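The values are calculated or read from the model by the stated rules, or taken from the named source; none is laboratory data. Predicted model, so just to flag it, every value in this text is computed and none were measured. So basically every Cβ, Gly included, is an ideal-geometry build from the backbone, and we count neighbours across all protein chains shown. SASA here: full protein model, heavy atoms, side chains in, ligands and nucleic acids out. Shrake-Rupley method; radii C 1.70, N 1.55, O 1.52, S 1.80 Å.
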Amino acid sequence: MLWSEVRELFPNQYVLVKELKSHYVGEHTLHIEEVALVRTISDPHQAWIELFSAPAGHFVYHTSHPEIVIELKTKPMVRRRSIHEN
Amino acid sequence: MKIDYRDGLLFTSITLVHGGHRILIPDVVLDTGAVHSLISIDAVDEWFQRYEPDDQLIFMHGLGGSEAAVRRRVESVQFDTFSAQPFDMDFASLREHPGINGLIGLDILIPGQFVIDLKHFEVHARYRGIGERSQ
């Protein structure tokens, strides 16, 4: 489903979606055009929890945004000394 | 301010002001390898419980695949002598790194002109004392 269609059907709320079609804008930005709707989420607290527990390829977004634009970055790499190391 | 050298990392603390709350976050790591500072969502769980429509979604890639993070504008951030109002801070799950509540990256260390003294384990703004660079 196009994002514009999701916005029309479910205005001004959070939706859990699966990414279907996207393209890079430069090196560090992803523009997602098509998604599969999993479900709507009315509670912003639930949306916050589901955002950080969504399975791979899924994410939570608010339909007030005319486009899905996501910044890409690398995960933090903290290399702590092991507790078994001297 | 003093740095706590522990588990091979440099631990300190940072303060966020958000929603009228002043939130002191201990156990954050000084990280000159990080572009953006980052705070664990669990460290701010008491005050950050809602996904805000203005939150900027970020995908973080790396070992284990992609994970969501959020960039949120907070009222202010304070670290030693550095203070910025407002400040765009990244928030993510750091459950893979227990005991670490966040990273202080170059988006704070450079504008704050910080010097990390690894002899005395202190961080302070600008050069001072012996060895001070002439302008």
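In percent, what relative contact order does chain A have, based on Cα pairs under 8 Å that are 6 or more apart in sequence? Display every interim value, and only then the final one.
Values: 132 pairs, mean separation 31.3, N = 86.
Averaging sequence separation for qualifying contacts and normalising by length gives 36 percent for chain A.
With no solvent and one point per C-alpha, what does the Debye sum give as log10 I(q)/I(0) for segment B:4-125 at q = 0.15 Å⁻¹?
Scattering profile of segment B:4-125, log10 relative to I(0): -0.67.
Counting only residues 5 or more places away or on other chains, whose amide H sits under 5 Å from the amide H of A:I41 once H atoms are built in the peptide plane?
The answer is A:Y14, A:V15, A:L16.
Cα centroid distance between segment A:35-86 and segment B:59-90, in Å?
Spelled out, the Cα-based centre of one part sits 14 Å from the other.
Where a Cα-Cα gap under 20 Å defines reach, which lysines qualify for B:K119, not counting those fewer than 8 residues away within the same chain?
Result set, ordered by chain and number: B:K2.
Provide Rg and Dmax in Å for the protein assembly as shown, with only Cα atoms included in the calculation.
When restricted to the Cα atoms of the protein assembly as shown, Rg and Dmax are 19.4, 67 Å.
Mind checking A:39-50 for the average number of partner chain beta-carbons within 10 Å of each residue's beta-carbon? Kindly include the intermediate steps, with their values, before the conclusion.
Working: counts 0, 0, 1, 0, 2, 5, 3, 2, 5, 10, 4, 2.
Partner Cβ neighbours, averaged per residue: 3.
Leaving ligands, DNA and RNA out of it, report the carbon-plus-sulfur percent of the accessible area of chain A at a 1.4 Å probe. Before the final figure, lay out each step's value.
Details: 2680 of 5220 Å².
Answer for chain A is 51 percent, counting heavy atoms of protein chains only.
Hey, could you pull the Cα Rg and Dmax for segment A:3-71, both in Å?
11.6, 34
Suppose we keep just the DSSP beta bridges with both residues in chain B; what percent of those would be antiparallel, to 5? The partial results should precede the final answer.
Numbers: 36 of 42 bridges.
In chain B, approximately 85 percent of DSSP beta bridges are antiparallel ones.
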